[in-house]
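The values are calculated or read from the model by the stated rules, or taken from the named source; none is laboratory data. Values in this document were obtained by computation on a predicted structure and should not be read as measured data. No Cβ is skipped: glycine too gets one built from the backbone with ideal geometry, and neighbour counts run over all protein chains shown. Just the protein is used for accessible areas: all its heavy atoms, side chains included, with ligands, DNA and RNA removed. Shrake-Rupley method; radii C 1.70, N 1.55, O 1.52, S 1.80 Å.
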Amino acid sequence: MIDQLVKVIPQDVLQKLQQLSAQDFNAVLQSVKQQNPTEKQLDQSTMGKDGSVTNEDNVSNFECQTCGMRYARKDHLIRHQQNHSNINYECEHCGFTTKRKDVLTKHMKRKHDVKKNVQKEDDIQPPRKRQRIEDVDQLPEERVRNAREKRSLTTTALNDGVENIQLQPSNNEERYDLMLFFKEKQVDIVQILEDRLLRNNIKFYMSVHVRMIKYSPDGKYDEAEPHFNSKVSTILQSGVSEIPHELNKGFQKVFISFEEFIKNGSGWQLEEVLQLDLCVTKYKPLKGGSYLELPTSLKRSNCILNIQNLDNKCFLWTVLSSMHNFQRNPENVENYVPFVNSVNMTGIEYPTPLSQISQFEKQNNTISVNIFGYEEGEIYPLYITKKTFCHHVNMLYFKENNKSHYMLINNFNRFLSRTKKHREEHFFCYLCLQGFTDKCKLERHKADCGKFDFQKLHFPRREKFWNSKNMQKPPEFRL
């Protein structure tokens, strides 16, 4: 209403109004409100015949119950209602007071060039749970050294196999800015991960603990302390250069979770970064090594080729043996030495871990690999390729007394037929290892089974099956 009067009232009249007392000015204002037709016309022009809004810029749907001011957005109304509260924010430099926190922030930034303001109390304590503590004046070198000495608290478990490193903000700027906190801690996290990689392969993830706050129109507030986690990342000792990339992926996952939390609960804002937990664990991937003797039960299947190598390159020799067939002494590793350069093994470790099988497939577009495990007479998939129409290699991963070895499965269906009592030919699915007596049934099964990842199936023991003879018949009822 006042804005409308300023636009239409002459300048000399405005000067006289400014000389009136507050009581006289309110009386004049109430008189104008009762006799002013333009405001009624404005209200009528913004509503259609059916009561719908016709002009979003002029409609105010949210009204202040104290003074009657109307706003088009609810957050503007909440900000305005702070003017009616008993909370006062005072500038510590010049004594300027206001009832709105954002006004004080703008004042201190504009007048005193202060980015972060320290609130002072007037009559009532502002709605804060804890007071911010300013940094002690120190030289930059001393502040950096002290921050690094107190930057972390490490706890271990499972014979030092798992470590939890707690990183806390070093100063107020990091405490109240999540992006800056990540930027400053990235160097420390990279150094920690590089130190752990000197001893073992590792897996790690990050969990950020923050305090969120949400103010209500009545001056009260709600607090929450959620955790935002990254995904688990795996880094081998040969992949030190991958640390920054995996770290950035983790930071992105944390920020996505943080933004989702703010969207789901309207009005939440970051109050404080409490700490970052870096969880690191040792990782020992499955690897194939030198020659191991096959168990008698596997030897009888006559469908496994076991290369007799003395080095740790059994994966390479197994791939080459599937590409080159020798009728005489096919298990002799010397047969495949001339073909070593026919496959790309750049960056592949020896012994080769399962985690690098996908890398091998990318470097060799015409080769696909399946890996199956064997333990206590059970066969189960360890790695199943997603490539098709390639030279396909089925391998058996055999482990004995902390030693492991890759072997070639020449005939996959014959290899798994040993699990069936019937002598007829079976066709098996790579994903679930289920057998079918008809290829057409297998193809129909693959259409459904391919929707899921590979799995290891467990069936109940024979004595746990239901037996119809042991079941009691239900009682008979007669009408």
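Quick notes on this structure:
- At q = 0.11 Å⁻¹, base-10 log of I(q)/I(0) for segment 295-370 (Debye sum, equal scatterers on each alpha carbon): -0.30
- The residues neighbouring R196, those whose beta-carbon lies less than 9 Å from its own, together hold a net charge of -1 under the Lys/Arg +1, Asp/Glu -1 convention.
- By accessible area with a 1.4 Å probe, ligands and nucleic acids excluded, highest first: order of F261, F315: F261, F315
- Accessible-area rank, largest first, for W317, W268: W268, W317, with all protein chains present and a 1.4 angstrom probe.
- Taking 0.36 nm per residue of separation and subtracting the Cα-Cα distance, full extension of the segment from D160 to Q191 would add 9.3 nm.
- Applying 1/(1 + (r/R0)^6) with r as the Cβ-Cβ distance of A72 and F261 and R0 = 25 angstrom yields a FRET efficiency of 0.40.
- If you take all other residues with their beta carbon under 11 Å from the beta carbon of N83, and give Lys and Arg +1 and Asp and Glu -1, the sum is +3.
- When +1 charges are put on Lys and Arg Cβ atoms and -1 charges on Asp and Glu Cβ atoms, the dipole computed for segment 326-377 relative to its Cα centre reaches about 260 debye.
- Within segment 213-270, the trypsin sites (Lys or Arg not before Pro) that combine a DSSP coil assignment with at most 12 other C-beta atoms in a 10 angstrom radius are K220, K231.
- Charge context of R100, other residues only, Cβ under 11 angstrom, K/R +1, D/E -1: +3
- Close amide H pairs (under 5 Å, H built 1.01 Å from N) link Y283 with N201, I202, K203, residues at least 5 positions away or on another chain.
- Full-stretch length increase - Q275, N411 - with 0.36 nm per residue and alpha-carbon distance subtracted: 43.4 nm
- Among the listed pairs K231/K387; K74/K214; K183/K253; K231/K253, those beyond 18 Å (Cα-Cα): K231/K387
- Between S404 and G289, S290, the built amide H atoms are under 5 Å apart, and every one of these is 5 or more places off in sequence or on another chain.
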